[in-house]
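Asks: Could you have a look at this structure, given as structure tokens, before my questions?
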Amino acid sequence: MDILPEFMTLDARDGRVATALGGPGGTQFTDEVLPRWLPLQRWFAGKDKAISAVRMTPLGDLAGGEHELVSVDVTVGVEDQSYLLPISARWGDGNLRAGASELSYTLARVRHNDRSGTLIDGAYDQRLPQLLLDAMKENRPVGSLRFEGTDALRRIENPGDPRQLGAEQSNLSIAFGDKIILKLYRRIREGEQPDVEVAKFLTEVAGYEHTPRFLGQVAHGSTTLAAAFAFFPNRGDAWTGIIDALEAEMHKTGTRSPGGEGRPEDASFDFPLSVGSILGQRTAELHKALATSTDDPAFATEDLTPEQLGKWSLDAEAEAQALIARLEQAQLPEQAAPLAQSFLAQREALLSRLRAVADLAPACKLSRIHGDFHLGQVLLARNDVAIIDFEGEPARSLAERREKSSPLRDVAGMLRSFDYAAMTVISRQRDGSGSTAERRLERVETWRRMVIRDFLDAYGTHSEGAANLPQDAASREALLDFFLLHKAIYEAGYELSNRPAWIGIPLKGILNLLERSGE
């Protein structure tokens, strides 16, 4: 017999979630239940620090109070963080039986007169997404919440039943058939949500067609809590598709005799492994769209100044110095130790390269960029791609994510993502020796070189004349190399903290860049 977890019981004397949370048991729920529950959630950013205080602020309710959108304000260490937590009431004793569909999302028991039920994380209540969508269509205010919908959203009838997509990270995506994607943004930060404002600019102002169109939002003041976008028909994200295709390619290579069809030097690959050219083109078109002339100060281009180049240089050098200090003390996996020694031996060459960017001639504009550009932010369509998720790096503040920069920072992120895809597949190879293993490794390396070449060739062709890119080839290459180094330094610091076994990937990337410069 299954043993059910123990849940405290809250009293909702009028059947409303807000009443249950604000009643006598609400304080215990806030002080005891949430501090235990929050660190277990993937989207909670304060796992490495102790929670010293939790507060709840109801923002607005739906369906007569059966659903309440709540701001959960958490003090972790010396930082205050806020999160969106929709809480839904599920009435009926069956919700507390073993095998109940929402049991794993249950927060507490709830009672109202002679009926009982549960309070659950409303993000997983199948009724709530439709209620949010309906309120957007009606532009209906709810409490302190503002629901806004476009005419395009109102034209969509019967979009289909909602379903959660993939594992939740910093936000949760819910699909309605093949018509609408609804995103719930878990982390609440005051200010414009880049994911919304960039999508609106690209699709409504710049006419960029290769990203989902904005349809509506749920807002609290200037903060977006949820947003709806048009569904872009796709076959999944490029990271998953390429990893799967590379693993299949390695298997085929291993089952063929040497010299047969599919030998390592054969540079032909099917889609999605041949994605480099179309992705380079769509990326160039994206960056041109983000440089569209506009009076909107959030998107108007700005001059790249010597001061900005100097700031980039100083920031990168500081990160490099911190990484050097950590590597000098770190106990690394055996295969990564030689790479770390080579890296440390070339520290002065690295620092010199990072300082050199301050001396470049700033002959281009700055614009908004994607800001967190990698294969996971690309959807694969039929021989085409769409670019998604303009939220930026979740660890950064909204102000940082909305800063203007060089599009070459995005290009560097994608090139590093190609490297990671190749090394991820190589690391999974079980047969690590012999001619078969060697042919497989050569095949993956052939793909890596090809996709980078195709991406850069197409990007260069289709970004010609872009105001936010240097027109001088030498300046463009110098800036791109700088951003590649900076990105790999960031990756090495991340891997050192989270996945030491992976640190060889960014270290090898840094060494390759330094070696190429020497040549």
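Asks: Determine, yes or no, whether LEU327 is within 30 Å of the chain's Cα centre (by Cα), closer than 30 Å to PHE390 by Cα and touching a residue at least 24 places away in the same chain (Cβ under 8 Å).
Replies: Numbers: within 30 Å of the chain's Cα centre (by Cα): yes; closer than 30 Å to PHE390 by Cα: no; touching a residue at least 24 places away in the same chain (Cβ under 8 Å): yes.
It is false that LEU327 is within 30 Å of the chain's Cα centre (by Cα), closer than 30 Å to PHE390 by Cα and touching a residue at least 24 places away in the same chain (Cβ under 8 Å).
Asks: Can you find even one residue in region 283-304 that is at pLDDT below 95, outside any loop (DSSP other than H, G, I, E, B) and of a type in the set (A, V, I, L, M)?
Replies: Within region 283-304, none of the residues are at pLDDT below 95, outside any loop (DSSP other than H, G, I, E, B) and of a type in the set (A, V, I, L, M).
Asks: Considering every residue within region 381-399, establish whether at least one is surrounded by fewer than 22 Cβ atoms within 10 Å (Cβ to Cβ) and part of a helix (DSSP H, G or I).
Replies: Yes: one or more hits.
Asks: Kindly provide the set of residues from region 139-166 that are under 20 Å from ASP125 (Cα atoms), not aliphatic (A, V, I, L, M) and not in a loop (DSSP other than H, G, I, E, B), ordered by number.
Replies: PHE147, PRO162, ARG163, GLN164
Asks: Find the helices (runs of 4 or more DSSP H) located wholly in region 1-106 whose residues include 2 or more that are closer than 27 Å to THR224 by Cα, and list them.
Replies: Here the list reads 17-22, 34-37.
Asks: Looking only at residues in region 113-130 that are over 16 Å from LEU172 (Cα atoms) and touching a helix residue (DSSP H, G or I) at 6+ places or on another chain (Cβ under 8 Å), which one is surrounded by the most Cβ atoms within 10 Å (Cβ to Cβ)? It would help to see each step written out before you state the result.
Replies: Of all residues in region 113-130, those over 16 Å from LEU172 (Cα atoms) come to 113-119.
Remaining after also requiring touching a helix residue (DSSP H, G or I) at 6+ places or on another chain (Cβ under 8 Å): 116-119.
On the way: SER116: 15, GLY117: 22, THR118: 24, LEU119: 27.
The qualifying residue surrounded by the most Cβ atoms within 10 Å (Cβ to Cβ) is LEU119.
Asks: What are the pairs, 6+ residues apart or on separate chains, where a residue within region 353-364 that is assigned by TED's automatic domain parsing to the domain that holds GLU317 and more than 18 Å from LEU484 (Cβ to Cβ) has its Cβ under 6 Å from a residue that is of a type in the set (Ser, Thr, Tyr) and not in a helix (DSSP H, G or I)?
Replies: Final answer for the pair search is PRO362/THR305.
Asks: Quick check on region 471-493. Is at least one of its residues at pLDDT 90 or above, buried (at least 21 other Cβ atoms within 10 Å of the Cβ), out of contact with any strand residue (DSSP E or B) (no Cβ under 6 Å at 6 or more places or on another chain) and over 27 Å from HIS287 (Cβ atoms)?
Replies: So far as region 471-493 goes, no, none of its residues is at pLDDT 90 or above, buried (at least 21 other Cβ atoms within 10 Å of the Cβ), out of contact with any strand residue (DSSP E or B) (no Cβ under 6 Å at 6 or more places or on another chain) and over 27 Å from HIS287 (Cβ atoms).
Asks: I'm told ARG347 meets every condition in (1) under 26 Å from GLY166 (Cβ atoms); (2) without any contact (Cβ under 8 Å) to a residue 60 or more places away in the chain except one. Can you identify the failing condition by its number?
Replies: (1)
The values are calculated or read from the model by the stated rules, or taken from the named source; none is laboratory data. Keep in mind that this is a model prediction, so the values were computed, not measured. Every residue, glycine among them, receives a Cβ derived from its backbone with ideal geometry; neighbour counts consider all protein chains shown.
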